[in-house]
């Protein structure tokens, strides 16, 4: 984050006009790459939007559309974050500056239904927005007509007082009595706030259910230092709560927040991938890819689960590549080599399975490790390939190298005994 901002500051300091014209595009690309990597960063979205406001030509008719579109991308990406209030507030203030009161109302319609830290502050500002402006300026034409008809039905008349044939409301110009006009406007304001009060009450209840979890998040950012056990426990319980009670969108946002501060804990990446299995195959793949290629390149379990997932999807070569690449990165893990052997076995590649075990014996760092793989190879040859002589040879060669290893003798004895039984049965 700081690196991105320093890049922007360096660009801004350049004096040459031609370079100044070029570098906003360069900076914009850096911002976009940053936002693609961490789309939940409210701070980064705010800095990017401020950058656009400073560099885009205010005389260009496309400028406002670009900024509004960026705000929309921002709130779609990060707007359901519990701490996204500054982003929403910035969006509202910008639309107010443009004089777009109806758009401001539409934004409040959204934020008042999202559990955020400053939910009460938003509702207070919404009430001020309603009280300080005429209802006809706050609502769309359809909403305004509907509201007048609703109030008219409550008051016992049709509500069709407006000029006939007009699709859009005339406001309240048809009311000539000043006292009635003031009453009508106040009634409309009261009803608008009343409807949103119901939204606020529900949202307040949702906030209260999450408040303790949010208070328990002491480090929402990434750091190489381990998290305290209480922090990890809080994240686990919060995720379980949101999975059980929240929408899919809220669950994903919470997982994204979690894997920022818990990026080095594979259990959270695994939990995220498992959750996504019921929602999106590509989503699962994306979670595994980020975990394995960026944050956890040396953690075996998440790599093996990714390989198992790809195998389940029928992507056998991809599963092979994942396991092979990890083994090249982290040498000497028996569980990974055996997982590769099992993969080949399941798909009928017995020669490759045998070759992998022979290679493990050849490259073993100790007699004990060599004997371990020799036993695995012997059992593979005997039980899968039904080749007793070859299996016997593997164990006898292993005994020559590691004469004190009792497991080799026991496996040889068991194999010979099983072979005799099979011969007698025949």
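What follows is calculated from the coordinates using simple rules that are stated; it is not laboratory data. Values in this document were obtained by computation on a predicted structure and should not be read as measured data. Neighbour counts run over all protein chains shown; Cβ positions are idealised from the backbone, glycine included.
Overview of values
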read-out: R0 of 56 Å, Cβ-Cβ distance residue 245-residue 186: FRET efficiency to nearest 0.05; value: 0.90
read-out: Approximate spin-label separation residue 199-residue 211, in nm, with each point projected 7 Å along Cα-to-Cβ; value: 2.2
read-out: Whole-Å distance, taken between Cα centres, linking the stretch 73-91 and the stretch 202-228; value: 17
read-out: Prolate/oblate/rounded call for the stretch 230-342, Cα gyration tensor, a/c under 1.5 rounded; value: prolate
read-out: Anisotropy class of the stretch 27-140 from Cα gyration tensor, a/c 1.5 cut; value: oblate
read-out: Sum of -39500 (n - 2.57) over DSSP H runs of 4+, divided by residues of the chain (222 nm, nearest 500); value: -23500 deg cm²/dmol
read-out: For 88, 269, 211, order by how many other beta-carbon atoms lie within 10 Å, fewest first; value: 211, 88, 269
read-out: Spacing of the two label points (7 Å from each Cα toward its C-beta) at residue 150 and residue 313, in nm; value: 4.6
read-out: Gain on full stretching of the segment that runs from residue 72 to residue 342 - 0.36 nm per residue minus C-alpha separation; value: 92.4 nm
read-out: Between helix 85-97 and the chain: long-axis angle, C-alpha atoms, 0 to 90°, nearest 10; value: 40
read-out: Cα gyration tensor, the stretch 200-259 - rounded (a/c under 1.5), prolate or oblate; value: prolate
read-out: Degrees between helix 334-346 axis and first principal axis of the chain (Cα, 0 to 90, nearest 10); value: 90
read-out: Length-normalised contact order of the chain in % [C-alpha pairs under 8 Å, at least 6 apart]; value: 7
read-out: Calculated FRET efficiency for the pair residue 237/residue 121, C-beta based, R₀ 25 Å, to 0.05; value: 0.40
read-out: Efficiency of FRET between residue 331 and residue 142 - r from beta-carbon atoms, R0 60 angstrom, step 0.05; value: 0.35
read-out: Rounded tilt (10° steps) of 281-290 against the dominant C-alpha axis of the chain; value: 70
read-out: Calculated Cα extents along the principal axes in Å (choose from (1) 70, 52, 46; (2) 111, 63, 43; (3) 106, 55, 50), label; value: (2)
